[in-house]
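The block underneath contains the structure these notes are about, expressed in structure tokens.
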Amino acid sequence: MAGELREGGALLDPEAMVPASPDLAAEEDPASRQEADCKASEVKEFTVSFLEKVLEPSGWWAVWHTNVFEVLVEVTNVDFSALKAVVRLAEPCVYESKLSTFTLANVKELLDLKEFQLPLQELWVVSDDSRELHQMALAIEHVRYYDILEDRVPSGLIVDYHNLLSQCEESYRKFLNLRSSLSNCNSDSEQENISMVEGLNLYSEIEQLKQKLKLIENPLLRYVFGYQKNSNIQAKGARQNGQKVTHVVSSTMKTGLLRSLFRDRFCEESCREETEIQFHSDLLSAINACHEGDTVIICPGHYVVHGTCSIADSIELEGYGLPDDIVIEKRGKGDTFVDCTGMNVKISSIKFIQHDSVEGILIIHHGKTTLENCVLQCETTGVTVRTSAELFMKNSDVYGAKGAAIEIYPGSKCTLTDNGIHHCKEGILIKDFLDEHYDIPKISMINNIIHNNEGYGVVLVKPTIFCDLQENAQDEIDDNTTERNREIGATEELNLEEMLQCVTSKMELPATANFSEQAKGNCEIINELLAASMQKGRMKKRLSELGIVQADDNIMSQEMFIEIIGNQFKWNGKGSFGTFLY
């Protein structure tokens, strides 16, 4: 637990709330061994059954831990089926906040809004040396581990979790050994002073590792924060003879289809050079046979794939017909559906249907992917644009995601034009990293219709972990910049076209004017993204001055490219734009 919780002279020992290893828990508890043998779909049922046997329904204390505050609560009841506990603030109240503006009164308001019910994942049992409380703490660790057992977490993130857990356990062992050695040293010895410094460093390291573990354990934080992932897909490059091949995919090839295909794609007017053609009945075999510059033409039909479509070279994937006539359906377990790492990948006129993937329907790791006239029927997340990657999506439809339709990572570029984004948890989620520093992504949104999403049309993640540095950086802004920010902040009173001119020039802002709700939504997004970009640039400069991140000569000149115009926001559950403050 980060820091200390104090009430007058009282002090809660952080070591009493060190989370137990899920692996160790699995070794110690018979119920967990039974849980490990069950199917993924049965994990929750076994978890609930296990909790009912181990967890006391009331009368125990826990720390309600978030990444903004920590407060001691007393559990008065447990709803086992919902994996939630009914709590009340402990007396006397023991509370600590990382933000001076988030007071105990705010905690009470938040608890009231939650109807005093908290997820068990957010509670850390305050234990003594009793085995009963230790077993309760381990039981809640099973709940935090539940998402991994049910295949809700990407495999890469699971590997990261176990690596972090091993590092944390190793550092904690070193810390205990060091503490034991200190008891044998003379109180004034130089060795003791050196050991004290080493101990502080180890403690800081443990706290950072625990923060990262909690980030993975918390479903909400996993959703809003990005994580680094390296793709192992290797590009083949061009063929030695420089030949480019056209791959034709069709489950059955009839003469009429063949004549139409040759007329439209291989006639003398459109194809003057000799073209090598390879025929495939399976999409994955066609993609796996591709080299740099190849084209895959998919004929009308319903194609089922059981693996990941990994596109590592610059190729074109083109449906021959309308998207509803060329359907590619993913079945079976796996992290992703379509993985793109090629420098220039083009996909057009295809409908993708996703099932059972843990991550998105399409992930762009790096390079540029162009998606045009496509339909993406999602189940988990839609399109993910990772750091240093670029997406150009036009005339496409994304719907059905239980997460965001489009996740945009820091340091990426995303251009969205004339798309439909609807019936997802969120429309567009602009993510951030918890402990890494990247520029706000470059975003262009033109004439998209974002509607009927459960939450917001667009969500921006704005961490407050470096709030003190941000406040210090804010003090360094000159009066002109401050006045400029105030003017930009009044976007609700500006005409959209005039405001867009203000974004790209130093012209005076016009007098107030009324404009439509849709224009207001576009302006609100521009205002927030500009403010976030400016704030992040100042924070990054301040961090570089403190030696926390490497200095960059272009830190303050890296302006965010935005073009947000003509988008329509309709019937989104929480509105057109929202921010997630962390």
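The values are calculated or read from the model by the stated rules, or taken from the named source; none is laboratory data. Owing to the predicted nature of the structure, the values given are computational and were not obtained by experimental measurement. In this analysis, Cβ positions are derived from the backbone assuming ideal geometry, glycine residues included, and neighbour counts consider all displayed protein chains. Just so you know, the surface numbers come from the protein's heavy atoms only, side chains and all, with ligands and any DNA or RNA stripped out. Shrake-Rupley method; radii C 1.70, N 1.55, O 1.52, S 1.80 Å.
Residues in segment 382-397 that are in contact with a His (Cβ under 7 Å, 6 or more places away or on another chain) and surrounded by 22 or more Cβ atoms within 10 Å (Cβ to Cβ): Arg386, Ala389. Tell me which residues, restricted to segment 237-254, are free of Cβ contacts under 8 Å to residues at least 60 places away in the same chain and over 17 Å from Gly321 (Cβ atoms). Those that are free of Cβ contacts under 8 Å to residues at least 60 places away in the same chain and over 17 Å from Gly321 (Cβ atoms): Ala238, Arg239, Gln240, Asn241, Gly242, Gln243, Lys244, Val245. Evaluation of Ser204 against the conditions (1) open to solvent by less than 50 Å² (accessible area, probe 1.4 Å); (2) of a type in the set (S, T, N, Q); (3) at pLDDT 70 or above shows that the sole unmet condition is (1). Among the residues of segment 343-366, write down those that are farther than 15 Å from Gly382 by Cβ, open to solvent by less than 30 Å² (accessible area, probe 1.4 Å) and modelled with pLDDT of 95 or more. Those that are farther than 15 Å from Gly382 by Cβ, open to solvent by less than 30 Å² (accessible area, probe 1.4 Å) and modelled with pLDDT of 95 or more: Val345, Ser349. Restricting segment 556-582 to residues that are at pLDDT below 80, outside any strand (DSSP E or B) and among the hydrophobic types (A, V, I, L, M, F, W, C), which is surrounded by the most Cβ atoms within 10 Å (Cβ to Cβ)? Among them, the one singled out is Met560. Taken together, the residues in segment 437-458 that are assigned to a loop (DSSP other than H, G, I, E, B) and at pLDDT 90 or above amount to 6.
Of all residues in segment 296-314, those satisfying the criterion of being β-branched (Val, Ile, Thr), closer than 20 Å to Asp325 by Cβ and buried (at least 18 other Cβ atoms within 10 Å of the Cβ) are Val296, Ile297, Ile298, Val305. For segment 132-146, indicate whether the set of residues that are at pLDDT 85 or above and open to solvent by less than 10 Å² (accessible area, probe 1.4 Å) is non-empty. The answer is no; no qualifying residue exists.
Which of the residues that make up segment 306-337 are part of a strand (DSSP E or B) and farther than 14 Å from Asn373 by Cα? Within segment 306-337, Cys309, Ser310, Ile311, Ile328, Glu329, Lys330, Gly334 qualify. Here is the figure for segment 88-131: residues that are under 20 Å from Thr47 (Cβ atoms) and of a type in the set (A, V, I, L, M, F, W, C) total 5.
Inspection of segment 415-436 identifies no residue that is in contact (Cβ under 8 Å) with a residue 60 or more places away in the chain, open to solvent by 30 Å² or more (accessible area, probe 1.4 Å) and not in a loop (DSSP other than H, G, I, E, B).
Conditions tested, residue by residue: (1) modelled with pLDDT of 90 or more; (2) over 30 Å from Glu426 (Cβ atoms).
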| position | (1), (2) |
| --- | --- |
| Gly242 | no, yes |
| Phe262 | no, yes |
| Ser285 | yes, yes |
| His291 | yes, yes |
| Gly301 | yes, yes |
| His306 | no, no |
| Ile311 | yes, no |
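Residue pairs whose Cβ atoms lie under 8 Å apart, separated by 6 or more positions or on different chains, with the first residue in segment 105-116 and over 15 Å from Lys84 (Cα atoms) and aliphatic (A, V, I, L, M) and the second open to solvent by 90 Å² or more (accessible area, probe 1.4 Å) and not in a helix (DSSP H, G or I), do not occur. For segment 320-338, enumerate the residues that are of a type outside the set (Lys, Arg), open to solvent by 20 Å² or more (accessible area, probe 1.4 Å) and in contact (Cβ under 8 Å) with a residue 40 or more places away in the chain. Tyr320, Asp324, Asp335, listed by residue number. Of the set (1) under 22 Å from Glu52 (Cβ atoms); (2) open to solvent by 30 Å² or more (accessible area, probe 1.4 Å); (3) at pLDDT below 75; (4) assigned to a helix (DSSP H, G or I), all apply to Ser127 but (4). Just one of (1) open to solvent by 50 Å² or more (accessible area, probe 1.4 Å); (2) touching a Gly at 6+ places or on another chain (Cβ under 8 Å); (3) modelled with pLDDT under 95 fails for Ala401. It is (1).
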